[in-house]
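Novice: Can you read through this structure? Questions will come right after.
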Amino acid sequence: MKIGIIGGTGGMGEGFALRWCINHDVILGSRDKQRAQSVAENHMQTIKNTSFSEKLNGSIRGDDNLSVAKDSEILILSIPYENIQSTCKDIENIISDDCIVVSPIVPMSRNEDGFYYIPFVDGKKSAGTLVAENLPHCNKIISAFHTISEVKLKNIESSLNADTFICTNNKDSLHILNSLISEIEGLRSIYLGPLSLSYQAEVLTPMILNSSKQNKLKHPGIKLV
Ligand SMILES: NC(=O)c1ccc[n+]([C@@H]2O[C@H](COP(=O)([O-])OP(=O)(O)OC[C@H]3O[C@@H](n4cnc5c(N)ncnc54)[C@H](OP(=O)(O)O)[C@@H]3O)[C@@H](O)[C@H]2O)c1
């Protein structure tokens, strides 16, 4: 499967690429094609220095964000919340009708009290809702991965031992993402409901970060037991 990651040069992009390149072709997107290519080469070197090198059936390469959007069967929007509108505007007429678009985006900021969820404080929309509004022709939008620590995702020798909460209006497209989630060791997919509930998953991230900071916990995640 061709997996594209817009903003794939960031930390989450690295984690997704390292985990999924074992079985799939991953294309890292950037506003700067050369940067994407150089980051992709580094990640391929990283994989080759691990025990996964013998099992490698896929690849990681880099390209500009628009080419990535055009070529992908599943497209992860791994970008800051503030850039949803401009990025969606650039890609909305480029992505294929069947493309599954995934938002791990968390609208979060920090003040003197700690991390907070922007929509509750500033009256803005959840990331899942904003992506759907800005990609009106895409009917396969899925919100996921908000509570996964970048550090743990990048450490491919370790199991995540965590859940990820999923929202979508198109349950028929979920099996494809669920299959990718099952390839990340120790990660379980928990379906929450339609995209209108995405805020319930997104809001957990500032909560986790405040808990981590106040209690000196190292990259905690969430699991329903
Ligand atoms: N980090 C975590 O542990 C974590 C956990 C859960 C969810 N998330 C969410 O996942 C998403 C990605 O996280 P991240 O930590 O990887 O993000 P990041 O490093 O801050 O940014 C990812 C990429 O976004 C691109 N970008 C930056 N400014 C942009 C702009 N103005 N317009 C378009 N693209 C821009 C950059 O790529 P180029 O400069 O190469 O274009 C950057 O490498 C975020 O929405 C975050 O809230 C993060």
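Each reported figure results from applying straightforward, stated rules to the coordinates on display, with no laboratory input. Everything quoted here is computed from the prediction, not taken from an experiment. Note that each Cβ is placed from the backbone with ideal geometry, even for glycine, and that neighbours are counted across all protein chains shown.
Novice: Tell me which aspartates and glutamates have Cα within less than 13 Å of LYS125's Cα, excluding those fewer than 8 residues away on the same chain?
Specialist: GLU82, GLU133, GLU202
Novice: Along each of the three principal axes of the Cα atoms of the chain, give the extent in whole Å, ordering the values from largest to smallest.
Specialist: 44, 41, 33 Å, listed from the longest principal axis down.
Novice: Output the antiparallel fraction of DSSP beta bridges having both residues in the chain, as a percent to the nearest 5.
Specialist: Of all bridge pairs located within the chain, approximately 20 percent are antiparallel.
Novice: Can you check what the net charge comes to around ASN161, using other residues whose Cβ is under 15 Å from the Cβ of ASN161 (Lys, Arg +1; Asp, Glu -1)?
Specialist: The answer is +2.
Novice: Compute, for the chain, the length of the dipole vector about the Cα centre, with Cβ point charges of +1 (Lys, Arg) and -1 (Asp, Glu) only. Units Debye, rounded to 20.
Specialist: It works out to roughly 500 debye.
Novice: Follow-up question, since we're still on this one. With Cβ to Cβ distances under 12 Å as the rule, what net charge do the other residues near CYS138 carry (K, R +1; D, E -1)?
Specialist: -3
Novice: Now, a different point. Please give the charge dipole size of segment 153-204, origin at the Cα centre, charges +1 on K and R Cβ atoms and -1 on D and E Cβ atoms. Round to the nearest 20 debye.
Specialist: Using only the charged Cβ atoms, the result is roughly 100 debye.
Novice: Still on this model: Using only Cα atoms, what Kirkwood radius does segment 76-165 have, in angstroms?
Specialist: Over segment 76-165, the inverse of the mean reciprocal pair distance is 14.6 Å.
Novice: Quote to one decimal, in nm, the extra length available between SER158 and MET1 on full extension: 0.36 nm per residue of separation minus the C-alpha distance between them.
Specialist: 54.2 nm
Novice: List the relative contact order of the chain as a percent without decimals, with contacts defined as Cα pairs under 8 Å and 6+ residues apart.
Specialist: Relative contact order of the chain: 19 percent.
Novice: Which distance in nm do the two modelled labels at ILE176 and GLU73 give, with both placed 7 Å along the Cα-to-Cβ direction?
Specialist: 0.7
Novice: Within 10 Å, count the other beta carbons around each residue, average over each peptide in 181-191, 65-75, 159-169, and list them highest first.
Specialist: 65-75, 159-169, 181-191
Novice: Using the basic label-point model (7 angstrom from Cα toward the beta carbon), what is the GLN214 to TYR191 distance in nanometres?
Specialist: 3.4
Novice: Using just the helices of the chain, give the 222 nm mean residue ellipticity in deg cm²/dmol: DSSP H runs with n ≥ 4 each add -39,500 (n - 2.57), and the total is spread over all residues, rounded to 500.
Specialist: My calculation for the chain gives -10500 deg cm²/dmol from helical runs alone.
Novice: Hey, if you put +1 on the Cβ of every Lys and Arg and -1 on every Asp and Glu Cβ in segment 2-215, which of ILE148, ASN49, GLY8 ends up farthest toward the positive end of that dipole?
Specialist: Farthest towards the positive end: ASN49.
Novice: Skipping prolines and chain starts, which residues have an amide H placed within reach, meaning under 5 Å, of the one on ASP163, given they are 5 or more residues away or on another chain?
Specialist: Distant-sequence amide H within range of ASP163: ARG188, ILE222, LYS223, LEU224.
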